[in-house]
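The values are calculated or read from the model by the stated rules, or taken from the named source; none is laboratory data. Quantities reported herein were computed from a predicted structural model and do not represent experimental measurements. Every residue, glycine among them, receives a Cβ derived from its backbone with ideal geometry; neighbour counts consider all protein chains shown.
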Amino acid sequence: MSDLTGLPWLTILGLVPLVGALLVAVLPSGRDALAKTVALVVSLVVLALTILVCALFEPGGDRFQFVQAHDWIPAFGVQYAVGADGIALVLIALIAVLVPVVVLASWYDADPQADRLRRVSVSGVRAAAAGSSASSRRVGGGTAVLDAPAAPSPPSDELPPRRSVKTFFALLLLLETMMIGVFAATDVFLFYVFFEAMLIPMYFIIGSYGGPRRSYAAMKFLLYSLFGGLLMLAAVIGLYVVSASQGEGTFAFEQLLGLHEQMSTTVEIALFSGFFIAFAIKAPLFPFHTWLPDAGAEAPVGGAVLLVGVLDKVGTFGFLRYCLPLFPEASRILGPYVIALCVIGILYGALLAMGQKDLKRLVSYTSVAHFGFIGMGIFAFTTQGQSGAVLYMVNHGLSTGALFLVVGFLIVRGRSRLIPDYSGVANVAPILAGTFLLAGLSSLALPGLSTFISEFLVLLGTYSRYPVAAVLAALGVILAALYVLLMYQRTMQGPLRLPALLGDRMPDLRLREVLAVAPLLALMIVLGVYPKPLLDVINPAVEATMQDVGRTDPAPTAND
Amino acid sequence: MPTDIPSPELAYAPIAPLLIVFAAALVGVLVEAFAPRAARRTLQIAVSLVGLVAALVTTVLLAGTEELVFNDAIAVDGPTLFLQGTLAVLGIASVLLLSERSLDASGGAVVARAAVLPGSREDVELAEATEVQTEVYPLALFSLGGMMLFPASNNLLLMFVALEVLSLPLYLMAGLARRRRLLSQEAAVKYFLLGAFASAFFLYGVALVYGYAGSVDLGEVAAATGTAGSNDGLLFLGLAMLAVGLLFKVGAVPFQAWTPDVYQGSPTPVTALMAACTKISAFGALLRVLYVGFGRAEWDWSPMFWAVAILTMVVGGVLAITQTDVKRMLAYSSVAHTGFLLVGVIALSPQGLSGTLFYLFAYGFTTIAAFAVVTLVRDSSGEATHLAQWAGLGRKSPLVAATFAFLLFALAGIPLTSGFMAKFAVFTAGLEGGATALVVVGVVMSAVTAFFYARVVVLMFFSEPAADGPTVAVPSAYTAAAIALGLAVTVVLGVLPQPVLDLADRASRFVS
């Protein structure tokens, strides 16, 4: 075992998908099936390697393991430095699980539209669009599109004639490299590089393979993230300048840890804000969330899973890894305000989710609420809250990922994203309805499923410091039950009514689709019953973070 | 005052790069006069390339030199050699672009008879003809020679001469576009008129500074600013007027008005030369004037430069959003980049100097490749520069579109491109120099500039191609080589910038 731990594991994990991406990209066009197979195999190899890495990780060992550091740009004091603490490790594991799932679920998503239609039994898209506008009139509800700026473009837009299949899968693998890199980096500069570079593949995934308003959504996604990222760049440089004033300028995380003692509170708050806004946009916290419903709704399903499941976690991960330990004083001062934003996000996201007619927008809004919970757990400054938040990140990736996938399976059949177009689907597609229900229940944190544990921990951890916030957030739990169950009831139960192009038959989930979604559901149940291995890995890292911040858990009394 | 004029000590070796480029230009004139028409083009290309390569080699050989020659008029030091080397390489790329003949059916981007009245019968005939003239090569070489002299001048009068030597050929070359003659002539006239004004300001500034310091030598100007004088009015006015001349050349607001028209009207290879090389050269001169001559008067000029830098970033970034022509958009983007560069200049520190040098190097290569790509997208009337015509380019020729997208991302400063490293370098220097507000404006405007770059990417990749859209011409080896060079530097500097950072770092010392 000992010689195994010496290998540069994190670099290997990052390189494998990169090589895979290049391989897929240089395949001759026309060999689409081969490209997909290569992508799947590569992502499975990454998964296998990740499992090995997780096995090698010692929960009680050093804070950062698999550490590597090489000079990259000495002129700026930049190192190629990677290492994984418990938090980063579980998130990398989440990536490794989600990518093969996404590859499998997106098998036909990049194919030319004509083929996809043929695959589902067809009459035409225009018929579906006509049907949707007719049926949407039946459901009253002007509140539904509170922030949808415009009606969807004409359906002709929905049929890009020729799209490169291999590029899609190459982009997915490239994205995996960047995502692993962003969590593995222990050099702030390196983190920033991945943080920004990660946008580009996602930008193309949304923009080239998304829905009717894809270019609008891609642009909005890019600009919001870039804007936040550039503010963070200013803060990163600021951090470097402060460290340079103490001697050699550096970006190494562990050397930056004690730096806040040299900063005035004003400087600390300014630098904190730079990081915080970038992460809050990424996460997204209310009021920085408005890009997510567009991006989530227009992205292809696989892209949406990775976007909400992993990319957004970089924001909450950033809070925990960078905002809190590097700027403890500022975090203490601003923490209560952040908690307030999180509570607003929880309630606002839930209310808006209830009002959505578009399935993918609905799922996106549920994420806004969930990210409120994660943020709250982090800024509550309790071990329970933060452990819960990290666990929440993983569980949210699984449950929202599953929900997006199932919604995607429904949409690819009906060619409509609108809830009013579907009714009684459970009658014709019981497996689809069943997985939909399970994913939904996980999203509303039903006890017995993994999400319950994390939500409970977050609420518990928050209550000991901010009881009012915890009580208000608990309302969000009830609202979650409402939006999930209403969505299920409207689409899956009741009399059968399907988009016109389907007639009265809808094919149930195929084997490929079941294989894609089953691992996520299984993990949700297993982790719901037995979360200990995960918590064992997370807890030491969270405790280390709490130590960096210099805070201890409040005594368990009600009037603390 | 000594009555006898001291004869200058002539040291030719340190200025060998300059001598070689000017000699090549003169040879070019002779070729134009005496060589048979059929052989001219080949000869001109050969002379230009050989001259520039030799200049590059000599700058490399001179590396490490730090001396003032010709009675302190020329400073051969780190910044000079770094910029001269950069200019030589970019000059080679520009000459390659000028040599391209397979894109335009009638051969080359440059018109044969520039003086013909646009719209006249002769002009119509000219548009059909396949005549090719080659006087553009010596013109480019003279201009490049001037550009290499400009940042090396340690004497304001010599700097003025260099300014004229680099500008006059450019005024002419701006009017040489083969297509859209009227636009090109307009560009030439505008550039000439405004440039002449700017030169006049510069010259007046030189006079006033002479009045203040009693010398046009930058070293003596520096000495004079160190002593408390009563003639501060002369100093302020003189410096302001020098700044007008220099800021005009770098395209800073409020002296940017010429950039979009001139960039759009000039033949694209010339635009590339202007955008990359003129900016580098003028920034070199600006750096020398501020760092060597007026370093001690920092508090007198830095508020003005703060205002100019902020204005330049904001105006360049915002106006670029409204552009519908790709060359005009790149022009405004170059204005915004001038603003980012000024952040490094204002830092007035070795880090600021090396950061600015690195930025100029990175920016030059990216820009030249970007304009080279613009020459490839054509329709029946020449280059198709309207942005709407670029819709769906990613479908029609993914390679060209991907190249352009990458260059745009580099200009936007996305990590893993040279643009990001460059921005990082100047912003770090700015923040270390205490210019927090400038850096914040810089990052916010970077986000704004990202918008219009990304918009082009949206057009190319996410939009449907128009039915009668332009075609992407297959370039000859000349243009392909220029694009490959620019692209390679943009990639390499994005991943492994250390060698060039080291180079810029070692070069970041002015001799005085």
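Tabulated values for the structure
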read-out	value
Qualifying positions in the stretch B:369-422 - in contact with a Lys or Arg (Cβ under 9 Å, 6 or more places away or on another chain) and either at pLDDT below 90 or surrounded by fewer than 24 Cβ atoms within 10 Å (Cβ to Cβ) (or both)	B:Val374, B:Ser381, B:Gly382, B:Glu383, B:Ala384, B:Thr385, B:Leu387, B:Arg395, B:Ala401
First in the stretch B:378-405 and on the phi > 0 side of the Ramachandran plot, second anywhere and among the charged types (D, E, K, R), Cβ under 6 Å, 6 or more apart	B:Gly382/B:Arg179; B:Gly392/B:Glu464
Condition check for B:Ala109: of a type in the set (A, V, I, L, M, F, W, C) and surrounded by fewer than 17 Cβ atoms within 10 Å (Cβ to Cβ)	no
Residue that is among the hydroxyl-bearing types (Ser, Thr, Tyr), in contact with a strand residue (DSSP E or B) (Cβ under 6 Å, 6 or more places away or on another chain) and part of a helix (DSSP H, G or I), where the choices are B:Ser167, B:Ser184, B:Ser199	B:Ser184
Filter result for A:Phe169 (over 15 Å from B:Ala450 (Cβ atoms), at pLDDT 90 or above, at the interface with chain B (Cβ under 9 Å from one of its Cβ atoms) and surrounded by 24 or more Cβ atoms within 10 Å (Cβ to Cβ))	no
Extreme residue, farthest from A:Ala197 (Cα to Cα), among residues of the stretch B:425-443 that are out of contact with any helix residue (DSSP H, G or I) (no Cβ under 7 Å at 6 or more places or on another chain) and facing chain A (nearest Cβ under 10 Å)	B:Gly434
Per-region count, the stretch A:225-259, residues of a type in the set (A, V, I, L, M) and farther than 30 Å from B:Phe451 by Cα	6
From the options B:Val511, B:Val439, residue that is hydrophobic (A, V, I, L, M, F, W, C), assigned to a loop (DSSP other than H, G, I, E, B) and over 24 Å from B:Ser94 (Cα atoms)	B:Val511
Residue in the stretch B:483-495 that is within 27 Å of A:Ser208 (Cα to Cα), away from every other protein chain (no Cβ under 11 Å), in contact with a strand residue (DSSP E or B) (Cβ under 9 Å, 6 or more places away or on another chain) and not β-branched (Val, Ile, Thr) present	no
Wholly enclosed helices (runs of 4 or more DSSP H) of the stretch A:414-511 bearing at least 2 residues of a type in the set (Ser, Thr, Tyr) and modelled with pLDDT of 90 or more	A:430-443, A:450-463, A:467-492
Qualifying residue in the stretch B:96-109 (condition: modelled with pLDDT of 90 or more and touching a Leu at 6+ places or on another chain (Cβ under 7 Å))	no
Selection from the stretch B:469-494 of residues that are surrounded by fewer than 15 Cβ atoms within 10 Å (Cβ to Cβ) and either touching a residue at least 12 places away in the same chain (Cβ under 8 Å) or within 21 Å of B:Val60 (Cα to Cα) (or both)	B:Thr471, B:Val474, B:Ser476, B:Ala488, B:Val492
Extreme residue, nearest to B:Val440 (Cα to Cα), among residues of the stretch A:234-250 that are more than 7 Å from every other protein chain (Cβ to nearest Cβ) and crowded, with 24+ Cβ neighbours inside 10 Å	A:Ala235
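For (1) more than 26 Å from B:Val491 (Cβ to Cβ); (2) in a loop (DSSP other than H, G, I, E, B); (3) in contact with a helix residue (DSSP H, G or I) (Cβ under 9 Å, 6 or more places away or on another chain), each residue gets a yes or a no:
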position: B:Val373; (1), (2), (3): no, no, yes
position: B:Ala388; (1), (2), (3): yes, no, yes
position: B:Gly394; (1), (2), (3): no, no, yes
position: B:Thr403; (1), (2), (3): no, no, yes
position: B:Ala410; (1), (2), (3): no, no, yes
position: B:Pro415; (1), (2), (3): no, yes, yes
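The rows are residues; the columns are (1) away from chain B (no Cβ under 11 Å); (2) outside any helix (DSSP H, G or I); (3) closer than 19 Å to A:Ala353 by Cβ; (4) modelled with pLDDT under 90.
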| position | (1), (2), (3), (4) |
| --- | --- |
| A:Ala217 | no, no, yes, no |
| A:Lys220 | no, no, no, no |
| A:Met232 | no, no, no, no |
| A:Glu254 | yes, no, no, yes |
| A:Leu259 | yes, no, no, yes |
| A:Asp294 | yes, no, yes, no |
| A:Gly303 | yes, no, no, no |
